[in-house]
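Undergrad: Take this structure, written in structure tokens, and hold onto it; I'll ask about it next.
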Amino acid sequence: MMWPSIALLTFVTLQRLGELVLARRNTAALLARGAREVAPEHYPAMVALHAGWLVGLWLLAPGRPVDLFWLAVFMGLQALRLWVLATLKDRWTTRIIILPGVPLVKSGPYRFLRHPNYAIVVGEIATLPLAFGLPLYAIGFSLLNACMLSIRLKAENAALKSAMILK
């Protein structure tokens with residue numbers, strides 16, 4: 001039975017494409033307000049990593065059974081993702097954008113974690129392959145994502161610190 005895996009992959013693909021549209025719109029609006037992008041050089045590699053993760057799932061997962069436990073964990077992460085989007089509103093983007101003079105968001109999930117969106121992505125990169133019974137895939141992309149996040153978090157924290165948003 002292929003439809004459950006294809007339905008889940010379609011959902012994730014459409015979600016990611018919609019987020020890219022939202023991120024592009026928010027980025028343009030922030031830049032128009034005087035924001036600046038920081039460390040854009042790693043962005044293409046990050047997009048390639050996430051696209052590769054999704055394309056690989058499209059190649060490996062159709063027709064595989066969907067484990068309901070890991071699906072539930074993944075869907076719980078989607079609720080948290082919506083919480084992040086709702087909290088950041090027009091400040092959410094996939095790039096590192098600094099808007100001078102605007103304080104860091106400290107409500108919603110940001111009360112508990114400095115970078116909740118990254119924590120959610122870490123979970124998603126592992127749990128979606130696990131939902132399809134692909135543990136080695138989950139481990140491989142989790143390691144690649146950890147490398148990317150080490151670069152990304154260093155750049156983002158330095159940018160926030162230099163903008164005197166982080167203390």
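Undergrad: For the full complex of protein chains and a 1.4 angstrom probe, list Ser5, Ser107, Ser162 by accessible area with the highest value first.
TA: Ser162, Ser107, Ser5
Undergrad: Further question on the same structure: Given the options Pro135, Pro44, Pro62, which has the most mean-square fluctuation in a GNM of the chain, springs set between C-alpha atoms less than 10 angstrom apart?
TA: Pro44
Undergrad: Something else about it: Starting from the Cα-Cα distance between Ser150 and Val105, subtract it from 0.36 nm times their residue separation and give me the gain in nm to one decimal.
TA: 14.0 nm
Undergrad: In Å², and per residue, what accessible area does segment 1-131 have when probed at 1.4 Å with the other protein chains present?
TA: About 54 Å² of surface per residue is accessible.
Undergrad: Does segment 22-101 come out rounded, prolate or oblate by the C-alpha gyration tensor, with a ≥ b ≥ c the root eigenvalues, rounded set by a/c under 1.5 and, if not, prolate when a/b is larger than b/c and oblate if not?
TA: Oblate, since a/c reaches 1.5 and b/c is not below a/b.
Undergrad: Can you give me the solvent accessible area of Arg95 with a 1.4 Å probe, rounded to the nearest 10 Å²?
TA: Taking all protein chains as shown, Arg95 has close to 80 Å².
Undergrad: Could you please state how large a percent of the accessible area of the chain is carbon and sulfur, counting protein chains only and using a 1.4 Å probe?
TA: On the way: 6650 of 9190 Å².
Using a 1.4 Å probe with all protein chains present, the chain comes out at 72 percent carbon and sulfur.
Undergrad: Moving on. More than 13 angstrom separation, counting every C-alpha pair in segment 1-52; what % is that?
TA: The proportion of pairs with Cα distances above 13 Å equals 71 percent.
Undergrad: Next question, about the same structure. Starting from the Cα of Lys154, draw a straight line to each of the aspartates and glutamates and keep only those under 14 Å, dropping any in the same chain fewer than 8 residues away.
TA: Hits, sequence-local ones excluded: Glu41.
The values are calculated or read from the model by the stated rules, or taken from the named source; none is laboratory data. Owing to the predicted nature of the structure, the values given are computational and were not obtained by experimental measurement. Keep in mind that these areas ignore ligands, DNA and RNA; they rest on the heavy atoms of the full protein, side chains included. Shrake-Rupley method; radii C 1.70, N 1.55, O 1.52, S 1.80 Å.
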